[in-house]
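Before any comments, here is the structure.
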Amino acid sequence: MARKEKEVKAVDTGAWMNTFADLLSLLLTFFVLLFAMKSVDKGKLEEALGFFRQGGMGVLMPGSLMPLSTPDNMAIPPRVREFFTPDEVHRAFTSDRLYGKVDVRTTENGTVISISSKLLFLSGQAELRPESGEMIDEIVLFTQGARYEIQVEGHTDNISISTPKYPTNWDLSIARAGSVVRHMLKDGKLDPKRFSVVGYSDRKPLVPNDTPENRAKNRRVDIVFLN
């Protein structure tokens, strides 16, 4: 009797292609996520994180959504600070976003946020640079709701200016302080009654006006939260 030959099953030698295709898909998804994280909109991220900082829900219930953005008429209000310590001001304005752009110090008159004029204005001008608005807006957000009287002071170095628009350093210093106040008040978030504007010219230097570096330090706008 002839031996019955065993049936030989065919082996699919192309099956590895499915696994390889899955691996490529995973790699593609990974690199797309890396690119998306690199190009994330920082403003939207801050907005989303702000939702939790302002007392948003701590646990998402089934079927609920965490808002990543809010309509203009439902803006999340900032934390109200009626009073704050110099240390709180220093921490707020020496963060990564504002590091090196402002100087915070305490004087007999109060807590001072000092901004170099080169970050705010072109030489000999009192119109704000477009990019300086964000920095001032940070100060507005921090002080919104506070009860302090705020004095904005313009300071120059001892090199005299004489232009048709600004005949003296007095004119330039007070015009620069006025520009900062106008920007702080433009959105109606702060009470104008809390503000005063002062131009000191070169009368209150931080350091002697004996080098270009020192003169640059003295050209500034100080925002003073009065005691």
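Just so it is clear, none of the values below were taken in a lab; they were calculated from the coordinates. All of these numbers come straight from a predicted model, not from anything done at the bench. Glycine also receives a Cβ, built like all others from the backbone with ideal geometry; neighbour counts cover every protein chain displayed.
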Kirkwood Rh (inverse of mean 1/r, distinct Cα pairs), region 86-226, angstrom: 15.2
Lys204 versus Asp137: modelled label distance in nm, points set 7 Å from Cα along the beta carbon direction: 2.9
Efficiency of FRET between Glu88 and Ser162 - r from beta-carbon atoms, R0 30 angstrom, step 0.05: 0.10
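Taking Cα pairs under 8 Å and at least six residues apart, what relative contact order does region 86-226 come out at, in percent?
This gives 32 percent for region 86-226.
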Phi-based couplings in Hz for region 172-186 (Karplus 6.51, -1.76, 1.60; Gly and Pro marked x): 5, 5, 6, 5, 5, 4, x, 5, 5, 5, 4, 5, 5, 9, 5
